[in-house]
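Step one of this worksheet: look at the structure below.
Bear in mind that the values in this text are calculations on the coordinates, not laboratory data. As the structure is a computational prediction, the values presented were derived from the model and not from experiment. Positions of Cβ are backbone-derived with ideal geometry, glycine not excepted, and every protein chain shown enters the neighbour counts.
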Amino acid sequence: MLIDPTRAAVQEASTEVEGSIAPLALALNAVKDQLAAIPGNGVPYQAHTWLHQSAKTPPQAQVLFNYLGRVSAGAQDFAPAGSTGQLGEQRDPDQPLVRELEFNAIAEDTGEGYVLRTTISWARGRISPERIDELVAHWDVALREVAALADHGVLSVGDVAPAPVNSADLARITAQSSAELQDVLPLTPLQHGMYFHSLFEESASSYVEQQVLRVECSEPFDRERFARAARNLIRRHPALSTRPWETDGGDVVAVIDPGIAEHLRVDFRDVTVPAELAGPGLGRVTKVVSASTGSLPAEPWPRSAPPVCRNAWHTHGAA
């Protein structure tokens, strides 16, 4: 299986100005998308090559990376007994190699976590032991850098299909999003219509909904705790973090980024309840809230300042 490294280089070059996305993360995404685009996970490749020997075929790869999977310790009736060296492609030392260099790796459970063990085979006379030592050192550094990306990976074009975005669009979305960016989705027809109306409507949106909750507090109200709870609500329900994004091609997609909860607007207001509205009843409280919020529900929603929701807490006492 051949990987085109130039495609990764193109992605890196297209995002140098857009943000601080790690080049290694972009290279990994490029390889991942190339592999995902191969029909049948590459299984029909050898059959096609054998059945069409007269056709022009690309050169055979001279480096093999073979990941043998993850093996848990002690849970199965049959499992490798430590690093036996019997896993992978075995052959007589005098047998000609199909390729010049091979990496056979397996993740083994040590009881304290998984360890990736790699066996490297190479053609004597073609690669010197000194070059192999240098390669092993680079291999170790590269693996550590890849492991460091585990909690900071970025989405690839294949991850967000069928959203109509290219690598440049996705790079800009990632650069202008938080580290919690989850997904990019195509808009539904209803969302397209709502977005279209929002572009040409200068007054308040017709889609604004206001909900009023009355809470009886026996203890002093903790404003910071309430603000944290409101932001955690967005993180718990990522759909609340949806924001529209216009691509270079003129399409609009929905960006799901719970990390923008930190930008949630939370207002605190102290109001006085008129005597005629004092007493129990949600209807009375609604009138007080509507009067005190004033133009808050009528304020337009800036598409560039998500999330598209607000919280207002009103502390009131009788006049």
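Take the Cα coordinates of the stretch 148-240, assign each an equal point scatterer, and use the Debye formula without solvent to give log10 I(q)/I(0) at q = 0.10, 0.15 Å⁻¹.
Cα-only, vacuum Debye calculation for the stretch 148-240: -0.48, -0.92.
Mind checking which of Leu170, Ser128, Ser198 is farthest towards the positive end of the stretch 111-209's charge dipole, using Cβ charges of +1 (Lys, Arg) and -1 (Asp, Glu) about the Cα centre?
The residue sitting most towards the positive pole is Ser128.
Could you give me the ³J(HN,Hα) list for the stretch 232-241, computed from phi with Karplus coefficients 6.51, -1.76, 1.60 and θ = phi - 60°, whole Hz, x at Gly and Pro?
Residue by residue, the stretch 232-241 yields 5, 4, 5, 5, 6, 10, x, 4, 5, 8 Hz.
Using a Förster distance of 51 Å, how high is the FRET efficiency between Leu24 and Trp313, based on the Cβ-Cβ distance and rounded to 0.05?
Working from the Cβ atoms, E equals 0.70.
What are the residues whose amide H is under 5 Å from the amide H of Ile127, where those residues sit 5 or more places off or on another chain and H is modelled from the backbone?
none
Evaluate E = 1/(1 + (r/R0)^6) for Val98 and Leu185, where r is the Cβ-Cβ distance and R0 equals 45 Å; express this FRET efficiency to the nearest 0.05.
Computed FRET efficiency for Val98 and Leu185 comes out at 0.55.
Mind listing the phi-derived Karplus ³J(HN,Hα) values for the stretch 127-142, rounded to whole Hz, using 6.51, -1.76 and 1.60 with θ = phi - 60°, and x for any glycine or proline?
10, 7, x, 5, 5, 5, 4, 5, 5, 4, 4, 5, 4, 5, 5, 5
Want the number for Ile132 to Leu233: 0.36 nm per residue separation, take away the alpha-carbon distance, what's left?
Fully extending the segment from Ile132 to Leu233 adds 31.1 nm.
Give the separation of the Cα centroids, the stretch 122-154 to the stretch 216-270, in Å.
42 Å
Can you compute 3J(HN,Hα) from phi for each residue in the stretch 178-195, using the Karplus curve 6.51 cos²θ - 1.76 cosθ + 1.60 with θ = phi - 60°, rounded to whole Hz and x for Gly and Pro?
Couplings: 7, 6, 9, 3, 9, 6, 10, 10, x, 6, 6, x, 5, 5, 4, x, 5, 5 Hz.
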